[in-house]
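Nothing in this text is a laboratory measurement; each read-out follows from the coordinates by a stated rule. Computed from a prediction, not measured in an experiment: that's the story for all the values here. No Cβ is skipped: glycine too gets one built from the backbone with ideal geometry, and neighbour counts run over all protein chains shown.
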Amino acid sequence: MLRLITNFIAGGLFGAGLLVSGMTNTRKVQGWLDIFGDWDPTLAFVLGGAILPMAVAWNIAARRARAVLGDELPGKPGSEIDRNLVLGSLMFGAGWGLVGLCPGPAIASITWGGVGGLVFLIAMLAGMVVAPAFRTRLNAMAAALG
């Protein structure tokens, strides 16, 4: 039960942060990405506001064997820049740049995103379902090429 309460509080805090910061406003996000046009630098504060507490959390987590709720902490992710990372980053960035939404804000804005927001959410979820099979196929093709 404590885990559910913690998840609820963390999810609520995350969602509130998205709303307050403007990350659910597609025009604001696209303004942040439009560095050669009408650039809106205010989301840099959101980025800084995310990086600073995470740096502290990672530092604390590095000294712990288990999470506060008792689970094992995940290992450090690999630092290898491979084809999957590059392709995934390009697809994520294209979706974010074209629509102004990424997964968290897309879910948070479902109640007011209108038909366009719903279409994006459905397409995003479909992409998440198809991605593992697509990745397997790409890996097989890459292995066949050498």
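Some points to look at:
- Filter result for LEU138 (more than 15 Å from the chain's Cα centre (by Cα), outside any helix (DSSP H, G or I) and either surrounded by 10 or more Cβ atoms within 10 Å (Cβ to Cβ) or in contact (Cβ under 8 Å) with a residue 40 or more places away in the chain (or both)): no
- Qualifying positions in the stretch 69-111 - without any contact (Cβ under 8 Å) to a residue 24 or more places away in the chain, over 13 Å from the mean Cα position of the chain (by Cα) and within 23 Å of GLY17 (Cα to Cα): LEU98, ILE110, THR111
- Residue check for THR24: more than 16 Å from the chain's Cα centre (by Cα) and either among the polar types (S, T, N, Q) or at positive phi (or both): no
- Of residues in the stretch 29-57 being β-branched (Val, Ile, Thr) and over 17 Å from the mean Cα position of the chain (by Cα), the one farthest from PHE14 (Cα to Cα): ILE35
- Counting only helices (runs of 4 or more DSSP H) that sit wholly inside the stretch 1-108, those with at least 2 residues that are over 27 Å from THR136 (Cβ atoms) and hydroxyl-bearing (Ser, Thr, Tyr) are 2-21.
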